[in-house]
1. What does the charge add up to near Thr56, with Lys and Arg as +1, Asp and Glu as -1, over the other residues with Cβ less than 12 Å from its Cβ?
2. Carbon and sulfur: what percent of the range 79-128's accessible surface (1.4 Å probe)?
3. Contour minus end-to-end for Leu150 and Met39, with contour as 0.36 nm per residue of separation and end-to-end as the Cα-Cα distance?
4. Just to check I understand the Karplus step: with θ = phi - 60° and J = 6.51 cos²θ - 1.76 cosθ + 1.60, what whole-Hz values come out for the range 100-106, glycine and proline as x?
Amino acid sequence: MGSYRPYANNIEEDDDALVFMDEDPDVEDGVDSDPESQMPWRILIVDDDADVHQSTLFALGGETMLGRPLHFHHAYSSAEAIDVLGKCDGISVILLDVVMETPDAGLKLAHYIRETLDQDDIRIVLRTGQPGLLSEREAKENDEINRYVLKSQITRSLLMDVVATELLEYLGSES
């Protein structure tokens, strides 16, 4: 009779057999039993250009990051974004255009999110097609913005990296 091995279901086995155990005790049959980890990441796209919404969905739709699917919310103005934020808990990343209803609407919205809504955990990625209105240096000095990217430089790979990095930062801020 074989010796007792706690992760081998205590059955007789060939001595050469490999026995593996799940690395995470909450994972059974490949499904994480923690309900929080099954919740999708909520990403808010705020841009007045419908093509930007579509291209973002094309690039990221159906993707899973950090073991969770992505779910997108859409706003085409600052007012719509405020409405979405009021109705939907758990937004982790906002992909925010600078120029919408005014040349600095995105900056004003970022300020409103941080100061009025007191949402410091949400990661704000400023995406701009008009870098002359706000330089990268100015964006980095603005503590209401977590990341600054030029729309002209965004590729699918870059967008995936940016969102994944910001999700990791969001997780770190929840702790």
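The values are calculated or read from the model by the stated rules, or taken from the named source; none is laboratory data. These numbers come from a predicted model, not from an experiment. Note that each Cβ is placed from the backbone with ideal geometry, even for glycine, and that neighbours are counted across all protein chains shown. Please note that ligands, DNA and RNA were not included when accessible areas were found on the heavy atoms of the full protein model with its side chains. Shrake-Rupley method; radii C 1.70, N 1.55, O 1.52, S 1.80 Å.
1. Neighbourhood net charge equals -2.
2. About 47 percent, which is the carbon plus sulfur part of the accessible surface.
3. So the chain would gain 37.0 nm between Leu150 and Met39.
4. 10, 5, 9, x, 10, 4, x
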